[in-house]
Amino acid sequence: MSFFHHRDGVLHAEDVPLPAIAEAVGTPVHIYSAAALRHAADAFSSALGAIPGTRFAFAVKANPNTAVLRLLARAGYGADIVSGGELRRALAAGMRAKDIVFSGVGKTDRELTDALDAGIGQFSLELEEEGQVLSALASARNVRAPVVLRVNPDVDAGTHAKISTGRRENKFGVAIAEAPAMYGRLARLAGLDLRGVALHIGSQLHDLAPLERAYRRVGALVAELRAAGIAVTQVDLGGGLGIPYAAGEIVPSLVDYGAMVGRVTAGWDVALTFEPGRVIAGAAGVLLTRVIWVKPGAGHPFVIVDAAMNDLARPALYDAFHRFEAVAPRGERMVANIAGPVCESGDTFAVARDIDRVRRGDLAVLHTTGAYGAAMASTYNCRPISPQVMVDGGDYAIVGERRDPVELAA
Ligand code: LLP
């Protein structure tokens with residue numbers, strides 16, 4: 001289901017024609033559909049929520065916009081955070097502290113302390129020493145920190161190397177072979193309430209098989225811990241499900257994912273946590289941009305748009321594909337390179353792409369930018385942080401102001 005569709009020849013977000021937003025707010029602008037967010041959140045929790053006690057923690061890194069987090073809080077989601085900034089965003093958006101899980105390989109003492117003081121529901125430990133430090137911080141406050149141990153199952157998720165996290169050479173988690181002994185030592189620390197294990201093997205996964213392999217390794221670990229007399233009550237299965245960016249791109253369905261999880265975790269007798277990011281927010285956003293020039297090129301012409309790699313870094317970083325579509329197509333096509341104004345050749349959204357024919361001044365969108373779009377924005381080339389707009393039915397509101405690079409600069 002798409003919440004971005006052409007009506008009378010003009011692309012709309014829900015019931016709002018995109019030229020109206022361009023007119024009122026300017027371009028480039030990130031546009032979110034509230035209905036798309038609600039739909040994805042409900043679809044995910046319905047597909048995975050069969051086991052009582054299951055918790056859904058939206059990966060804030062995918063889209064930390066306060067309006068987005070508020071909407072997801074109302075849909076029953078907590079937050080998966082990786083920094084003190086994300087902690088503050090999640091709390092400011094009305095997420096309950098106990099619904100917040102803290103992932104991340106480099107939590108500072110300050111961040112651990114702030115999260116303890118807030119009373120968050122789970123710390124995912126990345127190394128034994130972190131457990132010792134957290135235990136001491138918690139003991140000094142007369143509390144016990146709720147923790148799980150993140151394991152690295154050494155599974156190749158089959159995704160882009162830069163977003164793969166579950167191979168032994170990656171920086172994340174502790175080697176699964178070392179987990180039982182470490183778990184035993186951590187369980188004896190007074191300031192920790194050790195509840196279980198966590199894993200996350202990568203993002204934009206196209207195949208359930210590596211996930212299933214990783215989950216089975218965790219299931220074996222849970223059995224091993226229990227055989228050693230250690231109680232395990234929680235397992236955090238991370239995020240990572242892929243979404244289609246290109247037409248016809250095949251990704252696992254939520255129903256198949258839910259069925260796999262049900263099959264693999266049957267008999268684990270634990271409360272499950274999920275940390276979905278992209279699958280919730282990705283398809284709920286587009287980046288609306290205006291064509292500045294159509295510039296002749298040695299091969300194909302360059303469509304130079306007013307959005308750039310500072311608004312959407314994914315193509316430059318991961319060679320990611322984002323569909324390009326004219327807001328008011330004329331029914332003609334062209335083959336072109338699509339690039340932004342930033343002064344490096346990496347600021348390219350597409351090469352030799354068959355697209356709607358566009359001219360100077362036309363509006364167009366890059367699709368599927370709701371996750372890791374605005375979230376990764378920068379002011380590179382002294383460009384502004386682009387505004388963000390939330391559409392809901394026939395209404396829209398600015399939920400992120402354009403931020404002036406000169407004001408932001410030192
Ligand atoms: N949990 C943990 C511990 C993670 O590290 C991540 C993502 C997630 C959950 C959410 O994963 P998702 O469901 O969104 O795949 N900037 C990259 C993606 C980086 C993902 C990092 N970790 C991109 O634009 O593709």
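The values are calculated or read from the model by the stated rules, or taken from the named source; none is laboratory data. Remember, predicted model here, so these are calculated numbers, not experimental data. In this analysis, Cβ positions are derived from the backbone assuming ideal geometry, glycine residues included, and neighbour counts consider all displayed protein chains. Heavy atoms of the whole protein, side chains included, go into the accessibility calculation; ligands, DNA and RNA do not. Shrake-Rupley method; radii C 1.70, N 1.55, O 1.52, S 1.80 Å.
Skipping prolines and chain starts, which residues have an amide H placed within reach, meaning under 5 Å, of the one on Ala198, given they are 5 or more residues away or on another chain? Correct list: Leu149, Arg150, Val151, Asp236. In straight-distance terms, cross-link reach from Lys107 covers every one of the aspartates and glutamates whose alpha-carbon lies under 14 Å from its own, apart from those fewer than eight places away in the same chain; here that gives Asp80, Glu86, Glu126, Glu128, Glu129, Glu130.
Shown are Ile398, Ile176, Ile21, whose ranking by accessible area with a 1.4 Å probe and every protein chain present, most to least, is Ile398, Ile176, Ile21.
By accessible area, using a 1.4 Å probe on protein heavy atoms only, the chain has 52% of its surface on carbon and sulfur.
The slack between Thr66 and Ala43, meaning 0.36 nm per residue of separation minus the straight C-alpha distance, is 6.1 nm. Here is the size of region 178-219 from its Cα atoms: Rg then Dmax, 13.8, 42 Å.
Can you pull a Stokes-Einstein diffusion coefficient for region 34-278 at 20 °C (1.002 mPa s), Rh from Kirkwood over Cα pairs, as a whole number of µm²/s?
Once the numbers are plugged in, D ends up at 119 µm²/s.
Spacing of the modelled spin labels on Arg360 and Ala92, each 7 Å from Cα toward Cβ, amounts to 4.1 nm. The candidates Trp293, Trp268, arranged from most to least accessible area with a 1.4 Å probe in the full protein assembly, appear as Trp293, Trp268. At a probe radius of 1.4 angstrom, the accessible area of the chain per residue rounds to 41 square angstrom. Once you have a ≥ b ≥ c as the square roots of the Cα gyration tensor eigenvalues for region 338-410, tell me rounded if a/c is under 1.5, and otherwise prolate or oblate according to whether a/b is larger than b/c. Oblate. For the pair region 14-59 / region 225-257, the C-alpha centres are spaced 21 Å from each other.
Shown in residue order for region 47-64 are the 3J(HN,Hα) couplings computed by the Karplus curve 6.51 cos²θ - 1.76 cosθ + 1.60 at θ = phi - 60°: 6, 10, x, 5, 8, x, x, 5, 10, 10, 10, 5, 6, 4, 4, 5, 7, x Hz (x for Gly and Pro).
Along region 322-330 the Karplus relation, 6.51 cos²θ - 1.76 cosθ + 1.60 evaluated at θ = phi - 60°, assigns HN-Hα couplings of 10, 5, 10, 9, 6, 6, 10, x, 9 Hz to successive residues, with x for each Gly and Pro. Extension gain for Ser253-Arg226 works out to 6.5 nm (0.36 nm per residue, less the C-alpha to C-alpha distance).
For region 1-48, the relative contact order comes to 29 percent (Cα pairs under 8 Å, sequence separation of at least 6).
Mean separation of Cα pairs under 8 Å and 6 or more residues apart, divided by the residue count, gives the chain a relative contact order of 19 percent.
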